[in-house]
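What follows is a short report on a single structure.
Read-outs throughout are calculated quantities, based only on the coordinates presented, and are distinct from any laboratory measurement. Nothing here was measured: the structure is a model prediction, and the numbers come from that model. Methodologically, a virtual Cβ is constructed for each residue, glycine included, from the backbone with ideal geometry; neighbour enumeration extends over all protein chains shown.
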Amino acid sequence: MAEDKITVDAPEPNDTSSKPSTPHSKSGWDGKLRVNKQATLANPEALSDPEYSDDDAPPVDQIAADEDLLDDEDPSTEDIDVQHSRITSIPALRLERFPNLRRLGLRQNSIQNIELPEGIAPQLEELELYDNLVKHIAGLEECKELQSLDLSYNKLKHIKNLSNLKKLDHLYFVQNRLSKIENLEELVNLTYLELGANRIREIAGLETLTKLEHLWLGQNKITELKGLSTLTNLRTLSIQANRLTSLSGIETLPQLTELYVSDNQIPSLEPLRQNTKLEILDFQSNPISSLAGLEDMSELENVWASNCQVSDFREIERVLRDKEKLEEVYFEGNPVQRSGPVLYRNKVRLALPQVTKIDAGKSDSGMIPLSDGETDSSAVYVKAT
């Protein structure tokens with residue numbers, strides 16, 4: 001019998017957000033697709049006129065009390081997802097009614113405490129509490145089968161009380177108030193760790209996480225690359241929007257295939273000479289004028305260099321022309337583009353004939369974009385007719 005999944009969700013607001021003009025990773029800057037917080041007011045007159053009434057206005061959304069949300073659901077379900085429903089209490093959901101529960105999603109609610117029923121906690125494999133009001137990590141001691149935990153967009157100041165979660169594979173702490181990486185030493189099966197948009201100043205406490213493959217540290221206060229040398233399985237490192245002034249230390253990670261270091265103060269790519277397996281390299285918005293250091297990167301597919309200081313097309317050709325796998329480049333906002341915007345794209349085509357996308361636009365005049373997709377790296381092209 002097919003597995004049941006319960007999803008209870010409030011209506012989503014209209015999406016009026018604009019797409020980014022600069023590239024991001026295939027999964028978003030912090031590695032995981034996030035829901036934009038946005039609301040549209042249908043009757044703004046109600047704010048200024050206390051006696052305002054409109055018979056045609058949409059009805060007020062009535063959300064049942066927490067304990068009624070799941071009353072009619074199949075007790076044999078393994079997957080419950082209750083989003084944006086103003087839930088304040090997990091016990092009020094009476095989850096003990098679902099003895100087979102494996103995956104629990106409670107994103108965008110008002111939960112302050114993690115309180116799981118005794119019969120549910122030991123078998124839970126995935127728990128998502130993204131965008132709630134959790135201030136302290138507690139109540140997870142019995143979740144020994146947990147493989148994925150998302151506590152992003154909460155109010156956490158410390159990482160603690162996770163040592164029992166030996167099977168944890170994915171861990172998300174995006175947009176909290178963390179000032180240090182701590183108490184992760186025993187989570188040796190982690191392969192995916194997100195710590196973006198916190199207050200972290202130093203990379204530390206990761207030495208035992210040797211299975212880690214993806215590490216996201218964007219939008220923190222990190223000043224140097226260190227504490228990474230034992231992460232021999234790391235493939236993706238994102239450390240965008242920090243306070244780096246050098247890539248020194250990156251040579252300890254020669255196995256990297258994706259590196260995101262945009263929005264720092266890095267002047268040189270020279271330390272990357274040992275990172276010859278890189279496929280995606282993002283160094284946008286850094287004071288970089290030379291591509292020296294990329295000469296031996298035969299696996300490069302994407303080079304994102306917008307808003308740097310590259311001023312010579314000959315430099316671009318010298319370093320990147322022989323990269324047969326190169327598909328996409330960004331050089332807008334550099335002197336090479338600003339000094340001659342009309343001829344810029346043609347000059348890039350001449351320097352790099354193998355490239356199919358320039359600044360997320362078409363490169364070959366015989367191709368037209370059908371859709372630029374949800375991310376810049378997923379553009380679809382069809383032959384012009």
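In Å, what Kirkwood hydrodynamic radius results for segment 150-273 from the alpha-carbon pair distances?
Evaluated on segment 150-273, it is 14.5 Å.
In a DSSP loop and with at most 11 other Cβ atoms within 10 Å, the GluC sites (Glu not before Pro) in segment 90-132 are E118. Rounded to whole numbers, the Karplus 3J(HN,Hα) couplings from phi for segment 326-342 are 5, 10, 9, 9, 10, 10, 5, x, 8, x, 4, 8, 5, 6, x, x, 5 Hz, using 6.51 cos²θ - 1.76 cosθ + 1.60 with θ = phi - 60°, and x at Gly and Pro. In order along segment 69-76, the Karplus-derived 3J(HN,Hα) couplings, from 6.51 cos²θ - 1.76 cosθ + 1.60 at θ = phi - 60°, round to 4, 10, 4, 9, 8, 5, x, 8 Hz, and Gly and Pro are given as x. Dipole orientation for segment 155-305: of the candidates N286, N189, M297, N189 has the Cα lying most toward the positive pole (charges on Cβ; Lys, Arg +1; Asp, Glu -1). In terms of surrounding Cβ atoms within a 10 Å radius of their Cβ, Y172, Y130 rank from fewest to most as Y130, Y172. Ranking of D74, D79 by neighbouring Cβ atoms within 10 Å, starting from the fewest: D74, D79. Using θ = phi - 60° in the Karplus curve 6.51 cos²θ - 1.76 cosθ + 1.60, the 3J(HN,Hα) couplings for segment 173-186 round to 10, 4, 6, 10, 10, 6, 10, 8, 8, 8, 6, 10, 3, 8 Hz; x is entered for Gly and Pro.
Relative contact order of segment 252-366: 20 percent, from C-alpha pairs under 8 Å at least 6 residues apart in sequence. Once the convex hull of all Cα atoms in segment 153-206 is built, its volume per residue stands at 71 Å³.
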